Every structure is written in structure tokens, then in C-alpha cells.
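The values are calculated or read from the model by the stated rules, or taken from the named source; none is laboratory data. Here the structure is a predicted model, which means the values were calculated and not measured. Glycine gets a Cβ as well: all are built from the backbone with ideal geometry, and neighbour counts include every protein chain shown.
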Amino acid sequence: MLKLKSSSPGTTTLQHLASQQAVIDGLKIEEQVTRAQELWKTKSSVKGGKPAFDEVKQALIDLCVSTELCNYCEHNEATDIEHVYPKSFFPERTFQWPNYLLACKTCNTHYKLDKFAVFAPAKSATAVILQRKKLPPSTDAAFIDPRVDDPLYYLLLDITGKTFHLVPHPTLTNPREIAKAQHTLNVLEIGERPALVKARTDAFNFYQGQLEQYKNVMNAATLTDLEDLAQDPHLVDKNNTFAAEQQVMLNGLKQSILSYLHPTVWREMQRQHQSLNKTKRLFAAVPAALTWV
Ligand SMILES: [Zn+2]
């Protein structure tokens, strides 16, 4: 999980969201959750809803770090508009743009659901898991919101121990921050889901392989060298100059890194390269790659 970029839909769409939200906010508190669920289901069929939510979806795609990946697990296609603060506890945030991000079906409907924790009282270090049919005791989230927070401040990917688990960052000392990291991992279960662990391990090997290849292409001297390095020698255009073909290959390798699954693995390789022997050597050979994001 990485901090998302910034983006916003236009004024007309924000006004549409505000008008839907006003319907909910005008109701008695006990009626708000049911109405929020109903309005969310019909969000694209009400007047002005379709263009508004098409624009919301595009703005959410623009927030994504690389490709259209789930903002939580980075493994599956991001298909769902997810409410960071669940609408079943926080109906006042159902149509609030800052409360949205893109998640996959697995994260949204199998893991997060309406699970959430808040600090209560607010600003304290006591995290409370919300319970259905009870009003949340505060709005002080014990949950990492990648729209606002930098998840890598709270979490660490264990590469050096080779578990590829996401864990609370070992340098955290503030009890609130530790609780926030732990509750996020408890809710999403992104720390140790076996499919994610396997895919992160594969991503690590992929990134190292591409970086190694980048180094080799940088060190090539002739078009024949490039042909030897290319997976398919026919991709090297012998009518082009060596320098131009070399640049095409380097650009392709960089793009393949920046559009691959599990971008957190790449960021963690950059952050932790000093403690990873082979990765350290590769970054020493391709220092520019330390700034590729
Ligand atoms: Zn996911």
C-alpha cells in the first residue's frame, strides 16, 4: 500500500455529490444509514448520476500509483469505489470525495466490508473496533488512509527476512501509530495473505531481473550486444542507430518496472537497498533507478 496521488473531479460532479449527501444529512440519525445504502445503490441511475460517477471513477484512476490496481492489496484490478470510512457507520461520508479510493472485489467484499476501528476518545491511544448498530464513538480513524497518510511510514515490507510480510514499521514508538498500523493490517489482512506474499516474492524477483537487464543494456556497446540481450532479437531494429535502439530498450525496461504489480515492493527495494546485497549492487550500477516512481 502506497500513498496515492492527488486528483479531483470537477465542480459539477462535486456539487452532485454534495446534493446526494444533503439528502442523507437532512434525515434523523437512525434513518441515515439505510438511506445512504439506498442512495449508493442507485447512484448511477439518478439524474446526473452517471456522468458524475464516470468522472469520479476517472479521478480515482488518476489517484492510482501506477496502473489501475487495488489501492490496498496492489494485486487485483481495482473495480470498486471503496469508502475508507464505511458508509454503514459514517453515512455522513457516503458522498464525500475524500472518502473514496479504488479497491478490488476481494479486499472490498471479503476483507474490509464494514470493519473499522477508531480511537476513542478521539486523540487517545485506545483503539476500538466498531460494532454494528452502535454509533461510532469518534471519527478519529485507527486505519491508514492512503489518500492522506503515507502507508510506508506505518508499515514495512519484510524483504531482509524474506517473509515478504507487511508488518508495523519497527521504528514506530508512538502507541497511536502502532495501533493504527496493526488495526489496518487486521482489517485488510494484507500483511500475510498467502497469495499476496507469493506475488510480492515474484515481484521482487521480477524487479531485480529487470534492473539487472537494465544494467546489461546500459553496458552494451553494439547492436549485436542488444540483440543478444533482447528476449526477441527481432525487436532490435538493425536499421536504427545503436544509441537509439539502446534508449528504446532502456525506456521499455523502466516502464515495465513502473507499471508492474505490487509497486510497494519496488519502493521498499529503493528504501531498503542498503541492507540487500544484490539489490544494493544493482542500484549502484543504475543509480537513477533509486528515484523512479
Ligand atoms: Zn485488493
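Taking the numbered list (1) part of a loop (DSSP other than H, G, I, E, B); (2) touching a residue at least 24 places away in the same chain (Cβ under 8 Å); (3) away from the ligand (no atom under 15 Å from the Cβ) in turn, Leu14 passes all entries but (1).
Filtering segment 232-253 to residues that are part of a helix (DSSP H, G or I) and touching a helix residue (DSSP H, G or I) at 6+ places or on another chain (Cβ under 7 Å) leaves Pro233, Phe242, Glu245, Gln246, Met249, Leu250, Leu253. Evaluation of Glu74 against the conditions (1) charged (D, E, K, R); (2) over 17 Å from the mean Cα position of the chain (by Cα); (3) crowded, with 22+ Cβ neighbours inside 10 Å shows that the sole unmet condition is (2).
Among the residues of segment 59-99, those that are polar (S, T, N, Q) and in contact (Cβ under 8 Å) with a residue 60 or more places away in the chain comprise Ser66, Thr67, Asn71, Thr94, Gln96. If you go through segment 27-79 and pick out every residue that is assigned to a loop (DSSP other than H, G, I, E, B), more than 25 Å from Cys107 (Cβ to Cβ) and of a type outside the set (D, E, K, R), you end up with 4. Of note, Gln182 satisfies the criterion of being at pLDDT 95 or above, under 21 Å from Leu2 (Cβ atoms) and polar (S, T, N, Q). Listed by first and then second residue, the pairs with beta-carbon distance under 6 Å, at least 6 apart or on different chains, first residue in segment 37-58 and over 19 Å from Phe89 (Cα atoms), second of a type in the set (Val, Ile, Thr), are Ala52/Thr13; Glu55/Thr13. Could you tell me whether Ile178 is more than 16 Å from the ligand (Cβ to nearest atom) and under 29 Å from Asn71 (Cβ atoms)? Considered against the rule, which asks whether it is more than 16 Å from the ligand (Cβ to nearest atom) and under 29 Å from Asn71 (Cβ atoms), Ile178 comes out as yes.
Of the set (1) in contact with a Phe, Trp or Tyr (Cβ under 8 Å, 6 or more places away or on another chain); (2) closer than 21 Å to Thr160 by Cα; (3) not polar (S, T, N, Q), all apply to Leu223 but (2). Candidates in segment 157-199 are the residues that are small (Gly, Ala, Ser) and touching a Phe, Trp or Tyr at 6+ places or on another chain (Cβ under 8 Å); of these, the one that is farthest from Ile144 (Cα to Cα) is Ala179. If you go through segment 34-76 and pick out every residue that is among the hydrophobic types (A, V, I, L, M, F, W, C) and within 16 Å of the ligand (Cβ to nearest atom), you end up with 8. Summed over segment 17-35, the residues that are without any contact (Cβ under 8 Å) to a residue 24 or more places away in the chain and loosely packed, with under 12 Cβ neighbours inside 10 Å give a count of 4.
Restricting attention to segment 100-125 and to residues that are farther than 19 Å from Ala181 by Cα and modelled with pLDDT of 95 or more, the residue that is surrounded by the fewest Cβ atoms within 10 Å (Cβ to Cβ) turns out to be Lys105.
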